Amino acid sequence: MEIEVHGRRVEVPDDLRESAIRKTERLSRYLAGMERAEVWFSDGHVGRLGDPVTCEVMLEGHGHVVRAVGVGGRPGVALDAAMDKAGVRLTRLKKKLVD
C-alpha cells in the first residue's frame with residue numbers, strides 16, 4: 001500500500017509520521033487490497049472548542065474511497081480516533097463486498 005502523510009498548517013514530526021504509517025498499514029487486516037492511503041494532519045479549530053488537531057485518513061481501493069476524520073487535543077489522539085473510525089468503515093465495506 002502506498003501511504004502518504006501530510007500536514008496542513010502544521011509540521012509533522014518524524015515519530016508521528018512513522019506512527020501514522022505503521023497504524024495505516026495495520027488497517028489492511030480489516031480489508032486487504034487497498035491501494036493508496038493519505039493521512040492529513042491539520043491544526044485549527046473545526047467547530048469543537050478545545051480540540052485543535054484534526055487527522056483525516058483517506059483510503060482508496062476496490063473502486064471505493066473510505067474517509068475517516070478524528071479530532072483530538074494532541075495529534076496522537078486524533079490519529080487513534082481516525083484509525084478507529086477507518087477500521088469500522090473498512091469492516092462495513094468488506095461486508096458489502098463479500099455479500
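The values are calculated or read from the model by the stated rules, or taken from the named source; none is laboratory data. Please read these numbers as outputs of a predicted model, since none were measured by experiment. Glycine also receives a Cβ, built like all others from the backbone with ideal geometry; neighbour counts cover every protein chain displayed. The accessibility values were calculated without ligands, DNA or RNA, using every heavy atom of the protein model including side chains. Shrake-Rupley method; radii C 1.70, N 1.55, O 1.52, S 1.80 Å.
Evaluated against (1) without any contact (Cβ under 8 Å) to a residue 12 or more places away in the chain; (2) of a type outside the set (Phe, Trp, Tyr); (3) in contact with a Cys (Cβ under 6 Å, 6 or more places away or on another chain), Val65 falls short on exactly one condition, (3). Screening segment 14-32 for residues that are open to solvent by 50 Å² or more (accessible area, probe 1.4 Å) and of a type in the set (D, E, K, R) and picking the one that is modelled with the lowest pLDDT gives Arg29. Within segment 59-76, the set of residues being open to solvent by 70 Å² or more (accessible area, probe 1.4 Å) and within 12 Å of Glu38 (Cβ to Cβ) comprises Val65, Arg67.
Exactly one residue out of Arg17, Arg26, Arg67 is of a type outside the set (Ser, Thr, Tyr) and more than 15 Å from Glu4 (Cβ to Cβ): that is Arg26.
Filtering segment 77-87 to residues that are under 24 Å from Leu31 (Cβ atoms) and open to solvent by 50 Å² or more (accessible area, probe 1.4 Å) leaves Asp80, Asp84, Lys85.
Taking first residues from segment 9-30 that are on the phi < 0 side of the Ramachandran plot and in contact (Cβ under 8 Å) with a residue 24 or more places away in the chain and partners that are open to solvent by less than 60 Å² (accessible area, probe 1.4 Å) and among the aromatic types (Phe, Trp, Tyr), the Cβ contacts under 9 Å between residues at least 6 apart in sequence or on separate chains come to Val10/Phe41; Val12/Phe41; Leu16/Phe41; Ala20/Phe41.
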